[in-house]
1. Just need a number here: residues in region 84-108 that are at pLDDT below 85 and over 21 Å from ILE20 (Cβ atoms).
2. Go through the residues of region 84-94 one by one and say whether even a single one is in a helix (DSSP H, G or I) and either of a type in the set (A, V, I, L, M, F, W, C) or in contact (Cβ under 8 Å) with a residue 12 or more places away in the chain (or both).
3. Return only the number of the condition from (1) in contact with a helix residue (DSSP H, G or I) (Cβ under 7 Å, 6 or more places away or on another chain); (2) more than 15 Å from SER32 (Cβ to Cβ); (3) outside any loop (DSSP other than H, G, I, E, B) that LEU68 does not satisfy.
4. Kindly indicate the residue of region 1-13 that is polar (S, T, N, Q) and in a helix (DSSP H, G or I) and also farthest from SER101 (Cα to Cα) among those meeting that condition.
5. Taking the condition out of contact with any Cys (no Cβ under 7 Å at 6 or more places or on another chain), in a loop (DSSP other than H, G, I, E, B), surrounded by 11 or more Cβ atoms within 10 Å (Cβ to Cβ) and modelled with pLDDT under 95, does GLY81 pass?
6. Against the condition under 10 Å from the mean Cα position of the chain (by Cα), of a type in the set (A, V, I, L, M), modelled with pLDDT of 95 or more and crowded, with 16+ Cβ neighbours inside 10 Å, how does ILE50 come out, does it pass?
Amino acid sequence: MQSTRQNKICRLIQQDMGDIFLKEMKPLLGPSLITVTKVHITPDLSIARIYLSIMVIGGGTQDSIIALVRQNTSDLRRRLGLREGKQLRIIPQLEFYLDDSLDYIENIERLLKQ
């Protein structure tokens, strides 16, 4: 179970990373829509696990986009540090994962309709 401090930091990172993907990473990632669905942070606040939902528009696949995001992890951490530098003493390491919960929900709904 996460503490109140962890929950606050998770919400802060989720908002800032969503804004970074929406505004600052558009030239690199193209027209794809990336949504930060969940953020989990370790109890020592050193690692943030960020779950992304990716809607591919135009060329590319979800796997290629998540690989591109993982290649630019250091740049994303730097951008996050510029935004949260006054609120966090140490900016956590970022780990990105593909959130497949929407696919899981669609699969359950399809099975229930049969």
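The values are calculated or read from the model by the stated rules, or taken from the named source; none is laboratory data. Note that the structure is a prediction, hence the values are computed from the model and not measured. Ideal geometry is used to build each Cβ from the backbone, glycine not excepted, and the neighbour counts take in all protein chains shown.
1. 8
2. yes
3. (2)
4. My answer is THR4.
5. Numbers: out of contact with any Cys (no Cβ under 7 Å at 6 or more places or on another chain): yes; in a loop (DSSP other than H, G, I, E, B): no; surrounded by 11 or more Cβ atoms within 10 Å (Cβ to Cβ): yes; modelled with pLDDT under 95: yes.
No; evaluated as a whole, the condition is false for this residue.
6. When the stated conditions are applied, ILE50 passes them.
Conditions tested, residue by residue: (1) in contact with a strand residue (DSSP E or B) (Cβ under 9 Å, 6 or more places away or on another chain); (2) closer than 14 Å to GLU84 by Cα; (3) of a type in the set (Asp, Glu); (4) not in a loop (DSSP other than H, G, I, E, B).
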position: GLN15; (1), (2), (3), (4): yes, yes, no, yes
position: LYS23; (1), (2), (3), (4): no, no, no, yes
position: THR35; (1), (2), (3), (4): yes, no, no, yes
position: VAL39; (1), (2), (3), (4): yes, no, no, yes
position: ILE50; (1), (2), (3), (4): yes, no, no, yes
